[in-house]
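What follows draws every value from the coordinates through simple rules; no lab data is involved. The structure displayed is predicted, hence computed values, not measured ones. Backbone-built Cβ (ideal geometry, glycine too); neighbour counts: all protein chains shown.
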Amino acid sequence: MTEHVKFYQTGTFTVGNRLLDEARRTVQSLMTRANSLNSGHRACQGCGEALGARYAVDTAVRETGGKMAIVNATGCLEVFSTPYPQSSWQVPWLHSLFGNAPAVASGMAAAAKVMGKDIRIIAQGGDGATVDIGFGCLSGMFERNDDVLYICYDNEAYMNTGVQRSGSTPARATTATTPGVGEQPGNKFGIGKNVPRIAMAHGIPYVATASVADLRDLERKVTRAMSFSGARYLHVHVPCPLGWGSDPAETLKVARLAVESGLFPLFEAEYGKVVGRRKIRRRVPVDDYLKMQKRFAHLFGAKGDPAAVARIQGIADANISEYQLDDIEAVKLLNI
Amino acid sequence: MDHPFAITLDPNTSRDNLTGAWRTKRPIYGSHLPPCNHACPAGHDIQRWLYWAEEGNYQKAWEVMMENNPLPAIHGRICYHPCEDSCNRGQLDQTVSIHAVERFLGDLANREGWTVPCRPNTGQKVMVVGSGPSGLSCAYHLRRMGHHVTVYEAMPRLGGMLRYGIPAYRLPRDVLDTEIDRLAKMGIELRVNEKVDSVQEMLEWNQFQAVFLAIGAHKSKHVNIPAREAGKIFDAIGFLRDAADAPEAAQAKVGRRVAVYGGGNTAMDAARTALRLGAEETVIIYRRDQAKMPAHISELNEALEEGVRVQWLSTIKEMGEDDIEIELMELDDKGFPQPTGKFEKVKADTLILALGQDSESEFLKGVPGVKIAKDGVVEIDANMMTGFKGLFAGGDMVPSNRTAAIAVGHGKKAARCIDAFLHGKVYEPKPKKPIATFERLNTWYYTDAPKSVQPVLNQLRRLENFDETTGGLDESNALYEARRCLSCGNCLSCDNCYGVCPDNAIEKLGPGKFEIKLDYCKGCGICVTECPCGCMDMVREPE
């Protein structure tokens, strides 16, 4: 059969595709995938972080042939994957402290070098461990350009300890420490950190943002990151159905809308400069994304706050324009 | 267990923790009925043959098609494709051009000479009266089941309405002949020029163990139109028959300005045929409006493209030498046409009547138990049998909407009923699965793709001859079109479920084969949400 046609039904949107040859499918579609984070862990139903961790680490295992080790900061991922005496991990794995995963990883990378072993080190943690308490160590690891890939699973709060606000919590989201009361319920506007941009400011070889909603993009970025040596940072957006108040069955849908609304831009940078972005495919207004989550429920309805929603839309618009995520045509159509 | 320094956990020990106990709902794989399959009167398993065509396995796709309809190259051209009208892709961008892929596969099979197997001979003999789509379909299915079939055709050539009703510019004769030829090669006995007058005796003398009547409806209905002179008035059915077998005779009938009385598909074909046989102008006169017209909209559009005019809401009063007097009608509030008393004259020297067809079923009048309606249509029960035991009927001669696809569907159903009858049983159809509606799909995953367009002959070239007006797709377009299918309700092996489970609770056993690991599935439902084709459901955990 001559193959002139370059159309594949679901193309590269689905995990696999029987019409594509195996080399063009994702790691997750393979029966031989590593399943580094295996069944039996205690993550909530529909946990985005469990999915993100398996996606990223399985890809890293393929890239390194399994010659890698993970350093995991305290947090949801660490707790649900290793309640003593069980572990769901199938790869070498070390639990550091809450705030020193980057430092421990730097040490392990140095040790591997001294021992002459070709073992790549991956450090991972949630937004709490990365953006807040581990920030000093992270900056140190970046500044020294230690050969570590740091993956941050950003579910936008300290979920493990009961949904407290972190430096990554978005504006007007309700958390345990930014309750939905008062004049401006939820987290304030104008606070928080953009750690991917801070990582870029360190001038490290590779920085990227990714989402569980786009598996192929995430796998490509992990692969690309592993091709560099030196400090690399990957920031993965992972929904938390419990903390966000979304339906567990809709975890990927809510992650997808975060990307398609522009609130979570997908881009990659090398040595401090943005070199690529994943354009938005079907743009939606931020309302579609916010309405799926109870942590934003106070912005809608009879006692809603349209001005706040408009301001959040402004954040999305700014992202889209900054990273050139969109076609002009689509913007016109939505009239936003 | 002795661990090295600082090691406290063994890998993969979480497998002991059976998180399946957390569930209140579980996912299940299922198969829903795609709306195209549901709409097809022949019961085509469209999604299934498109699945094979998508991979480039055209022969397997054709074999799946042949399980239901033995005339794909024909239907890919003439069927009104109710499948496409209900295709879910139409709610996404544009419907899949199913008929174009069917035509491509049918033509390919004809070029390659592919065949289908038949079961071993059963020794039972079935008589089929009529070699139109219904008779041929019934004969085909019975032959595949292993029965011996004899088809009796009154006309000199085979095909029924396919040959004598549908002109060559819609269905080329070589395509028709090749598809019929395949049936002959399967061992179906095909006899022409044999008009059947009695069937009761065939059954009573056990010449045949069952009879399927598919004589169609070939007798034109008539209306009395006073003609001042012996102007040329004749019926459309006879005209189209002549156009097929004796074109000079047909041409001789056609004058310069032809009027066609009627609004069905036959009227459209008669008008377009008249244009090709020398008429300078053709006008269709119809007593109601476009909304009430029985002709399929595609037929009307093609006729209009060729320059046929339509005089709506008019009835014919009388015919002069070179004109026709018509009375204008208007619709009352119930939608029925009422005379207005206003008259006009339409220039025409030829009038073709296309006012509907009756079935020539008088020969069945004496058969006990057989009920015949006023227009010759024969009544049948839910198992396609008339009141006389062993005598079945289908196609245009039984109450139906009279399309070729419906006829073929009748033939298939009748074959199954007859097969059951021959075994002393009653046919019981399998219960239908629930329909795969658009809401069940997750359309994010399908790549954007506009519909393929088939090449069409331009106006000048069309009217000079009876060449096929619409061309087919070539392989790369057909493959593309097949891949536009969303595979509604049936797994397309995309691996999404396997990939999106946070608990690795779906086992991939092979391409397109998955199993839920109930020990670990927490019932979150992400797999069901992210299944593009909607073949999964969440159901309550059993007590």
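Assuming R0 = 30 Å, can you tell me the calculated FRET efficiency for the pair B:Trp114 and B:Asp375, based on Cβ-Cβ distance, to the nearest 0.05?
For B:Trp114 and B:Asp375, the calculated efficiency is 0.15.
Roughly what would the spin-label model give for A:Arg144 and A:Ala110, points 7 Å off Cα along C-beta, in nm?
0.4
Which order results if A:Arg232, B:Arg540 are arranged by neighbouring Cβ count within 10 Å, fewest first?
Result, fewest neighbours first: B:Arg540, A:Arg232.
State the number of lysine pairs found in the stretch B:251-356 whose Cα atoms come within less than 21 Å, restricting to pairs 8 or more positions apart or on distinct chains.
Summing the qualifying lysine pairs gives 6.
Relative contact order for chain A using alpha-carbon pairs under 8 Å, separation at least 6, rounded to a whole percent?
14
Quick one: compute the contact order of chain B, relative version, from alpha carbon pairs under 8 angstrom and 6+ residues apart, as a percent.
Value for chain B: 22 percent.
At most 13 other Cβ atoms within 10 Å plus a DSSP loop assignment makes a site exposed; report the longest stretch of chain A without any exposed GluC sites (Glu not before Pro).
With GluC sites (Glu not before Pro) excluded where exposed in loops, chain A gives A:4-182 as its longest stretch.
Starting with the fewest neighbours, write out B:Arg287, A:Arg144 ranked by other beta-carbon atoms found within 10 Å of each beta-carbon.
Going from least to most buried by this count: A:Arg144, B:Arg287.
Give the average over all directions of the projected area of the C-alpha convex hull of the stretch A:33-334, one decimal, in nm².
Taking a quarter of the hull surface, the average projection is 15.0 nm².
Using 0.36 nm per residue of separation minus the Cα-Cα distance, give me the extension gain between B:Asn121 and B:Asp332 in nm, one decimal.
Once the chain is fully extended between B:Asn121 and B:Asp332, it gains 70.0 nm.
Report, ordered by chain and residue number, the lysines lying within cross-link reach of B:Lys425, taken as a straight Cα distance under 23 Å and ignoring same-chain residues fewer than 8 apart.
B:Lys125, B:Lys389, B:Lys412, B:Lys413
Of all beta bridges DSSP finds with both residues in the stretch B:251-356, what is the antiparallel percent, to the nearest 5?
50
Write out the chymotrypsin sites (Phe, Trp or Tyr not before Pro) in the stretch A:101-191 meeting two conditions: DSSP loop, and at most 16 other Cβ atoms within 10 Å of their Cβ.
Those satisfying the criteria are A:Phe189.
Along the three principal axes, how long is the stretch A:78-236 when you take its alpha carbons, biggest first, rounded to the nearest angstrom?
Taking max minus min along each principal axis of the Cα atoms, the stretch A:78-236 gives 59, 41, 31 Å.
What whole-number value in cubic angstrom gives the convex hull volume per residue for the C-alpha atoms of the stretch A:161-295?
Convex hull of Cα atoms, per residue: 121 Å³.
Give me the mean projected area, in nm² to one decimal, of the convex hull enclosing the Cα positions of the stretch B:251-356.
6.3
Would you mind calculating the gained length between B:Ala227 and B:Leu92 on full extension (0.36 nm times residue separation, minus the Cα-Cα distance), in nm to one decimal?
Result: 43.1 nm gained on full extension.
Taking the Cα-to-Cβ direction at A:Phe228 and at B:Ala382 and moving 7 Å from each Cα, how far apart do the two end points lie in nm?
The two pseudo-label positions are separated by 7.0 nm.
In whole Å, largest first, what are the principal axis extents of the Cα atoms in the stretch A:31-88?
Principal extents (Cα only, largest first): 28, 22, 17 Å.
Residues with beta-carbon under 15 Å from that of B:Gly20, excluding B:Gly20: net charge, scoring Lys, Arg +1 and Asp, Glu -1?
Charge balance near B:Gly20 sits at +2.
DSSP loop (so not H, G, I, E, B), at most 11 other Cβ within 10 Å: list which GluC sites (Glu not before Pro) in the stretch B:452-506 pass both filters.
B:Glu464
In deg cm²/dmol and to the nearest 500, what is the mean residue ellipticity at 222 nm of the protein assembly as shown if only DSSP H runs of at least 4 residues count, each as -39500 (n - 2.57), divided by the residue total?
-9000 deg cm²/dmol
Which helices, taking whole DSSP H runs in chain B, have alpha carbons extending 20 angstrom or more along the helix axis plus mean Kyte-Doolittle at least 0.5?
B:404-422
Relative contact order of the stretch B:251-356, please, whole-number percent, based on alpha carbon pairs below 8 angstrom and at least 6 residues apart.
Here the relative contact order equals 33 percent.
Using label points projected 7 Å from each Cα along Cα→Cβ, tell me how many nm separate B:Asp2 and B:Glu194, to one decimal.
Going from the B:Asp2 label point to the B:Glu194 one covers 9.2 nm.
Convert 25 °C to kelvin, take the viscosity as 0.890 mPa s, use the Kirkwood radius over C-alpha pairs of chain B as Rh, and evaluate the Stokes-Einstein diffusion coefficient in µm²/s, rounded to a whole number.
The calculation lands on 93 µm²/s.
Considering all projection directions equally, how large on average is the shadow of the alpha-carbon convex hull of the protein assembly as shown, in square nanometres?
Average of the hull's projected areas for the protein assembly as shown equals 46.5 nm².
Which of A:Met226, B:Met319 has the fewest other C-beta atoms within 10 Å, and how do the rest follow up to the most?
Result, fewest neighbours first: A:Met226, B:Met319.
Using DSSP to define loop residues, name the GluC sites (Glu not before Pro) in the stretch B:192-227 whose beta-carbon has at most 14 other beta-carbon atoms within 10 Å.
Sparse-neighbourhood loop GluC sites (Glu not before Pro): B:Glu194.
Find how much the distance from B:Trp205 to B:Phe438 grows on full extension, using 0.36 nm per residue of separation minus their present alpha carbon separation; answer in nm with one decimal.
In short, 78.5 nm is gained.
Output needed: percent of Cα pairs per 5 Å distance bin for the stretch A:235-336, bins running from 0 to the one holding the longest distance.
Taking all Cα pairs of the stretch A:235-336, the binned fractions are 3, 12, 21, 22, 19, 14, 6, 2, 0, 0 percent.
For the stretch B:408-504, what is the Kirkwood hydrodynamic radius in Å, using each pair of distinct C-alpha atoms?
19.1
Return the lysines within reach of A:Lys253: Cα separation strictly under 19 angstrom, same-chain partners fewer than 8 residues apart disregarded; answer none if there are no such residues.
Result set, ordered by chain and number: A:Lys279, A:Lys291, A:Lys294, B:Lys522.
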